[in-house]
Amino acid sequence: MIKYLKLSFLLVFFSATLTAQQSSVYTHELTEFNRALELYKNKQYQSAQILFDNVKSSTDNMEVASDCAYYIANCAIRLNQMGADVLVESFVTDYPTSTKTNQAYIEVAHYYFDEGNYPKALEWFDKADSNNMSLADREKYNFQKGYAHFTAKNTKEATKYFNQVVNSKTFGSQAKYYLGYMSYETDDYKSANEYFEQVSDQDKYKEKMGYFQADMNFKLGNFQNAIDLGLEQMPKSKGEEKSELSKIIGESYFNLKQYDKALPYLLDYKGKKGKWTNTDFYQFGYTYYQQKDYENAISQFNKIIGGNDAVAQNAYYHLAESYLKTDKKQQALNAFKTASEMEFDLKIQEDAYLNYAKLSYEIGNPYKSVPEVMNDYMAKYPNTPYKSEINTLLISSYITSKNYKEALVLLEKSKSPENKLAYQKVTFYRGLELYTDGDYKGAYALFKKSIAENKEAKFTARATFWKAETEYNLDQFEDAKLSFKQFLNSAEASNTPEFKNANYNLAYSYFKLKEYENAIQYFDTFTKSSKEDRVRLTDAYLRLGDCNFMAAKYWPAMDAYNKAIDLKSVDADYAAFQKGISYGFVSKPDRKIEDLEKFSKSFPNSKYADDALYELGNTYVNQNQNEKGISAYDKLINSYKTSSYVAKAILKQGLIYYNSNKVDLALTKFKKVVAEYPNSPESVEAVSSARLIYLDKGQVDQYADWVKTLSFIEVSDADLDNDTYDSAEKQYLQNNNKQAISGFTSYVSKFPNGLHALKANFYLAQLYFADNLEANSVKHYEFVVSKSRNEFTEQALARLCQVHLKTKSFDSAIPVLKRLETEAEFPQNITYAQSNLMKSYYEKQDFTSAVVYADKVLKNDKVDDRIKSDAQIIVARSAIKTNDEAKAKEAYAKLQKIAKGELAAEALYYDAYFKNKEGKYESSNVVVQKIAKDYSGYKYFGAKSLIIMAKNFYGLKDSFQATYILESVIENFQEYKDVIEEAQNELDFIKGEEAKRNSSITN
């Protein structure tokens, strides 16, 4: 008993002692734990975490350790420490039986929710179990999880959780608000209204719902309600919401057709992020349009770029009408075209197409020929009530469009009876275009077609005249003569603009045919009827003089030359010279001498000055005034060293000395001719004359020694030389060309330096040239021009130039052209040389030299407008190539005054180009419109000018016109790659700029 009690006492004592020790430790841990918990509650997470960590590491109590791990993880979450989520997961793994497991997930989720990190909150909400939560905790859980899904735009999940708290006192109102908002966002306005109505008595929601309800009423078509709600909400709004309310109110008034009330609100709308849509610009424009403020309507409509819907079609149609109201027909054309290409409203489409067709007829169309537009309209709307009107315009458009090339293609496809007159006119006008461009064969064919149609006598007559002109230019002078006579015999001839020059042109045909008596008749008729055209009048008097001269009617010839002189033209020197030599044929040598002496003083720089001196010398000699004759020859020899008369003059001096028995002086002159002009006819005659002197002096051996030094004299073969040449020449004179070629070829092969080598090579070259074997002619022309100046030099140089230019061998052509320029006696050859030097240097991109020669051509008063146009274009293009735009502008301006055809189109293009660069956008557009209307056949410059027009419109803040035109260029002118590239670059730039304010634009 006692023993038992003792043991019990010991056990109790031991137990009490142990319990006291454990209680002391636990009490200490609990104190530290509570301190940590207090710090946690006071959001001192860093300090709390340290204490919890100390307690956890020192305790053996599983429950305490579990709680510490829970709070350590929570502190890590709140401190945003790396690996915090791992600590939470470790807590759950290490203490699976802890009652705080679910709470841990919830706490972390709530923390992230409060921090606004909703994706993280959702991640932890999904780990939690809401089944064992209190009602309050479950409501908070459902609301926050619903809101997190709401922020993630997961409407389905958000709706599920919000619906679980719609009746909650704490979260019900918020849930209904967000449910209403989601219904609003998904256009379920009925549900949205129901939810919003349930919270409309709460001020914090009422202020927000005012905008939504206004917008919902607008979208439901309750425009007046939308206006009322919007106006009520407006004072409470600011910033973006105020801008959006302005749009709702403005559009509502717009839909109620109260445009005056709509406008201020529409204008107060600031767009979304500073950008508007095509629909916005349509509403702005249409509001102005309804108030007849067309300029402002245009400024809004034309911001609609790339639209392709019913709104855009309507906008472009009303934009076109606004342009018409402000007399901007080119702009209206483009807008009607755009509206006509859309099928959203078929009535608008048809009406737009009709207006597009009519405007094309009125002002021209830069993209398609006007007849093509008319035909396309008729094909699309065959039963249009405007059929008769459009047919009338169609027939007329073949002429008025001036795009004769394309009109001709269309008419060739449809030769209906009502189109026959149009066909006659179009073939005529297209023929004129080809004639102007130098395509005489093409023009000839079209003039024949025009004549064959014969629907209107006046055009038949005109076509006959121009057929004659082409025949003349094709060297078909006999045909030209007959055609000109047919023209003059036609009843309508006198009613045509061509009539005034017909006698002049017919006279020239006779002149070319050497029918001088007939030429005299028509030149005389022309001079009596034409007094205003001084250039042709002067020329007619000159040719009248020439014809009388050739017909040995010297007094009438002199009378004509006197009249030409009286007109003081640039050809007065020629008239004076011809008049002077004419006196020699009427036995008036003294008067001839007087006139030629006077000529030398009056025209020392004339191309006929050497001719005059040579004739003067001859006349003095014929009058036995040898000293004066020799003096005149000396003046010629010394003053005009390159003249073809120099060799003749020296030879003449030798013959004078020989006939005067001054044989030594004569021999000196003959040897001079031979030495300086070998192989020339004069040198051959000089050798013959020298031979006589040597024979007279008995110096045959000396003659023989001298002759052996001359390469062109082969004494032993002289007879064979003459016979061979004579045989070939006989065939040549009988026009037996093949036999002549064979004969001359044989001669130059056997006698390369024979007595007649010069003539043989020249005639052989001429034969090859006439037979279109230009390449074969080159070496023979080169032989002629390699010799000293002779009677064939100038013609050989001219022909050689033609051959090289035809093959574009500019390196070979240039030195020959330069020789022709300096050595030619005929003014037309000098002009030919200078104009082709100008072109050759340009082709070689030697722009400086090209301009030098262009300036020479332009200073020549005798050249016609076509050659002047060529010169001006060389100056202008060279200036463009060298970036001298000031000179280019001046040259193109001058070109405009004289150019025709494609050159005129090019000059106008640059006129528009320079006006654009100067900011004269409207003036520039006027020029582009002229190109479109009057030069539509020249599509390259038409396309390039449209790019200028697009730039002009963008400068005038008309973005629609700019982009429409550029897109049309890209669509319609694919054959011009450089134009397409330029248009695309400009379009990309404009769209990039416009996209900064128009959200509807996509590149």
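Each residue in segment 412-434 was checked for being touching a residue at least 40 places away in the same chain (Cβ under 8 Å) and within 11 Å of residue 395 (Cα to Cα), and 0 of them qualify. Inspection of segment 475-488 identifies no residue that is touching a residue at least 24 places away in the same chain (Cβ under 8 Å) and polar (S, T, N, Q). Of all the listed residues (607, 635), the sole one being under 26 Å from residue 540 (Cα atoms) and of a type in the set (D, E, K, R) is 607. Within segment 978-1003, residues that are within 13 Å of residue 947 (Cβ to Cβ) reach partners that are of a type in the set (Phe, Trp, Tyr) with beta carbons closer than 7 Å, at six or more positions or on different chains, in the pairs 979/973; 980/973; 990/954. So for segment 389-402 (the condition being in a loop (DSSP other than H, G, I, E, B), under 35 Å from the mean Cα position of the chain (by Cα) and of a type outside the set (A, V, I, L, M, F, W, C)), does at least one residue qualify? The answer is yes; a qualifying residue exists. With respect to the stated conditions, residue 456 is over 28 Å from residue 513 (Cα atoms), surrounded by fewer than 22 Cβ atoms within 10 Å (Cβ to Cβ) and not polar (S, T, N, Q).
Being surrounded by 21 or more Cβ atoms within 10 Å (Cβ to Cβ), in a helix (DSSP H, G or I) and not β-branched (Val, Ile, Thr) is true for just one of 940, 954. Which residue is that? Break it down into steps so the answer makes sense when it comes.
On the way: 940 fails: surrounded by 21 or more Cβ atoms within 10 Å (Cβ to Cβ).
Of the residues listed, the single one that is surrounded by 21 or more Cβ atoms within 10 Å (Cβ to Cβ), in a helix (DSSP H, G or I) and not β-branched (Val, Ile, Thr) is 954.
Of the candidates 166, 108, 86, 92, the single residue that is crowded, with 21+ Cβ neighbours inside 10 Å and among the aliphatic types (A, V, I, L, M) is 108. When the test is whether a residue is surrounded by fewer than 19 Cβ atoms within 10 Å (Cβ to Cβ) and in contact (Cβ under 8 Å) with a residue 12 or more places away in the chain, residue 405 passes it.
Residue pairs whose Cβ atoms lie under 8 Å apart, separated by 6 or more positions or on different chains, with the first residue in segment 374-400 and over 16 Å from residue 418 (Cβ atoms) and outside the structural domain of residue 412 (by the TED database) and the second among the basic types (Lys, Arg) and surrounded by 14 or more Cβ atoms within 10 Å (Cβ to Cβ), are 376/368.
Conditions (1) farther than 19 Å from residue 313 by Cβ; (2) among the small types (Gly, Ala, Ser); (3) in contact with a Leu (Cβ under 8 Å, 6 or more places away or on another chain), marked per residue:
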residue	(1), (2), (3)
243	yes, yes, no
249	yes, no, yes
252	yes, yes, no
263	yes, no, no
277	no, no, no
286	no, no, no
289	no, no, no
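Residues that are in a helix (DSSP H, G or I), closer than 16 Å to residue 575 by Cβ and touching a residue at least 24 places away in the same chain (Cβ under 8 Å) within segment 590-609 comprise 592, 599, 600, 602, 609, listed in sequence order.
If I ask for residues that are farther than 15 Å from residue 303 by Cα, surrounded by 12 or more Cβ atoms within 10 Å (Cβ to Cβ), of a type in the set (D, E, K, R) and in contact with a Phe, Trp or Tyr (Cβ under 9 Å, 6 or more places away or on another chain), which ones from segment 972-1003 would you list? Answer for segment 972-1003, where residues must be farther than 15 Å from residue 303 by Cα, surrounded by 12 or more Cβ atoms within 10 Å (Cβ to Cβ), of a type in the set (D, E, K, R) and in contact with a Phe, Trp or Tyr (Cβ under 9 Å, 6 or more places away or on another chain): just 986.
Set side by side, the residues 156, 140, 127 differ, and just one is part of a helix (DSSP H, G or I) and either surrounded by fewer than 19 Cβ atoms within 10 Å (Cβ to Cβ) or under 60 Å from the mean Cα position of the chain (by Cα) (or both), which is 156.
Report yes if some residue within segment 200-219 is modelled with pLDDT of 80 or more and not small (Gly, Ala, Ser); otherwise report no. Among the residues of segment 200-219, not one is modelled with pLDDT of 80 or more and not small (Gly, Ala, Ser), which makes the answer no. When each of 242, 238 is tested for being of a type in the set (D, E, K, R), modelled with pLDDT of 70 or more, closer than 21 Å to residue 279 by Cα and out of contact with any Asp or Glu (no Cβ under 7 Å at 6 or more places or on another chain), the lone residue that passes is 242. So for segment 345-363 (the condition being without any contact (Cβ under 8 Å) to a residue 12 or more places away in the chain and either within 27 Å of the chain's Cα centre (by Cα) or over 22 Å from residue 309 (Cβ atoms) (or both)), does at least one residue qualify? No, that holds for no residue. Candidates in segment 655-686 are the residues that are among the hydroxyl-bearing types (Ser, Thr, Tyr) and either assigned to a helix (DSSP H, G or I) or at pLDDT 90 or above (or both); of these, the one that is surrounded by the fewest Cβ atoms within 10 Å (Cβ to Cβ) is 660. Within segment 691-704, the residues that satisfy the criterion of being modelled with pLDDT under 80 and part of a helix (DSSP H, G or I) are 694, 695, 696, 700, 701, 703, 704.
Yes/no matrix, rows are residues, columns are (1) modelled with pLDDT of 90 or more; (2) under 21 Å from residue 613 (Cα atoms):
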| residue | (1), (2) |
| --- | --- |
| 541 | yes, no |
| 549 | yes, yes |
| 571 | no, yes |
| 583 | yes, yes |
| 592 | yes, yes |
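Every condition in (1) assigned to a helix (DSSP H, G or I); (2) closer than 22 Å to residue 788 by Cα is met by residue 641 except one, and the failing one is (1). Scanning segment 604-632 for residues that are at pLDDT below 90 and not hydroxyl-bearing (Ser, Thr, Tyr) yields 604, 605, 607. Being in contact with an Asp or Glu (Cβ under 7 Å, 6 or more places away or on another chain), part of a helix (DSSP H, G or I) and over 30 Å from residue 667 (Cβ atoms) is not true of residue 778. One residue stands out among those in segment 956-1003 that are among the basic types (Lys, Arg) and closer than 25 Å to residue 932 by Cα: the one that is modelled with the highest pLDDT, which is 977.
Going through (1) among the hydrophobic types (A, V, I, L, M, F, W, C); (2) buried (at least 24 other Cβ atoms within 10 Å of the Cβ); (3) closer than 16 Å to residue 967 by Cα one by one, residue 305 falls short only on (2).
Does segment 162-177 contain at least one residue that is at pLDDT 80 or above, assigned to a helix (DSSP H, G or I) and farther than 26 Å from residue 66 by Cβ? Among the residues of segment 162-177, at least one is at pLDDT 80 or above, assigned to a helix (DSSP H, G or I) and farther than 26 Å from residue 66 by Cβ, which makes the answer yes.
The values are calculated or read from the model by the stated rules, or taken from the named source; none is laboratory data. None of the values given here were measured: they were computed from a predicted structure. Note that each Cβ is placed from the backbone with ideal geometry, even for glycine, and that neighbours are counted across all protein chains shown.
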